[in-house]
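Participant: I am attaching a structure below and will ask some questions about it afterwards.
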Amino acid sequence: MEINKLEPEKKHGLVVVLTGNGKGKTTSAMGMALRAAGHQMRVCIIQFMKGDIYSGEWDGVKLLGDLVELHSTGKGFCGIQGNPYPHSEHRENAQQALKLVDQKMLSGEYDVLILDEINNALQLKLIDLDQVLAILDNKPELLHLVITGRDAHEEVLSRADTASRVDEITHAYRKDIEPQPGIDY
Ligand code: ATP
Ligand code: MG
């Protein structure tokens, strides 16, 4: 069978927001990276907060070659039990990550920029609303921007072209099943 490859008549750089309490936001963003790589598109993933606990996507994206790069900038989830770093340190980290976002976003080297858990970073005041809105304002027209994390700010949602809220119907943790590699991290 012949396979058709569609081309849009007009290219749009979309703002996609993935939020909600259910599982599937980060992995949906990683799915877009996989899909984009298939189109030979270049993807940059910048993870806020994450960095202290290994997650499979860190090496998984390397299997996609040079098309996808991932920067894990955080020191774990600020304020959760067992995280030893003060808010000021998490904030300093997130502020550095914003500089990386600007640099990557304006470099012209990428087709897709994924800002994973940036909603959480905003909610926890590691970054400010005007800083997130500035990213949206300065986004190059054809760059796709994917934003993930619980508790997306209403103003961020209002700027999205595509926004999804992932609802939790249930989650394995409710049965006391611990996080499983490949699925949860
Ligand atoms: P995933 O990375 O699996 O797509 P997510 O990005 O939607 O999940 P996060 O809020 O970023 O969800 O949570 C990250 C991790 O916590 C994942 O391993 C996920 O399975 C797990 N998780 C998601 N929802 C819950 C929950 N309600 N309680 C405990 N752990 C959860
Ligand atoms: Mg996530």
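Participant: I'd like to verify a number: residues in the range 16-42 that are outside any helix (DSSP H, G or I), near ligand 2 (Cβ under 10 Å from one of its atoms) and basic (Lys, Arg), how many?
Facilitator: Qualifying residue count for the region: 1.
Participant: Being modelled with pLDDT of 95 or more, among the polar types (S, T, N, Q), away from ligand 1 (no atom under 16 Å from the Cβ) and within 28 Å of Lys11 (Cβ to Cβ) is true for just one of Asn119, Asn138. Which residue is that?
Facilitator: None of the other options fit; the residue is Asn138.
For (1) farther than 20 Å from Gly74 by Cα; (2) open to solvent by 20 Å² or more (accessible area, probe 1.4 Å), each residue gets a yes or a no:
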residue: Leu14; (1), (2): yes, yes
residue: Gly20; (1), (2): yes, no
residue: Thr27; (1), (2): no, yes
residue: Met32; (1), (2): yes, yes
residue: Ala36; (1), (2): yes, no
residue: Gln40; (1), (2): yes, yes
residue: Gln47; (1), (2): no, no
residue: Lys50; (1), (2): no, yes
residue: Ile53; (1), (2): no, yes
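Participant: Turning to a different aspect of this structure: Could you look through the range 12-37, keep only residues that are of a type in the set (Gly, Ala, Ser) and within 7 Å of ligand 1 (Cβ to nearest atom), and pick out the one that is farthest from Arg174 (Cα to Cα)?
Facilitator: Ser28
Participant: Follow-up. In the range 124-161, how many residues are open to solvent by 10 Å² or more (accessible area, probe 1.4 Å), touching a residue at least 60 places away in the same chain (Cβ under 8 Å), in a helix (DSSP H, G or I) and in contact with a helix residue (DSSP H, G or I) (Cβ under 8 Å, 6 or more places away or on another chain)?
Facilitator: 1
Participant: Considering each residue of the range 64-101, count those that are of a type in the set (Ser, Thr, Tyr), over 16 Å from the mean Cα position of the chain (by Cα) and farther than 12 Å from Leu126 by Cα, and give that number.
Facilitator: The total comes to 1.
Participant: Filter the range 96-123 down to the residues that are within 16 Å of ligand 2 (Cβ to nearest atom) and open to solvent by 50 Å² or more (accessible area, probe 1.4 Å) and list them by number.
Facilitator: Gln123
The values are calculated or read from the model by the stated rules, or taken from the named source; none is laboratory data. Note that the coordinates shown come from a computational prediction; the quantities given were computed from them, not determined experimentally. So basically every Cβ, Gly included, is an ideal-geometry build from the backbone, and we count neighbours across all protein chains shown. Quick note on the areas: whole protein, heavy atoms, side chains included, nothing else; ligands and nucleic acids left out. Shrake-Rupley method; radii C 1.70, N 1.55, O 1.52, S 1.80 Å.
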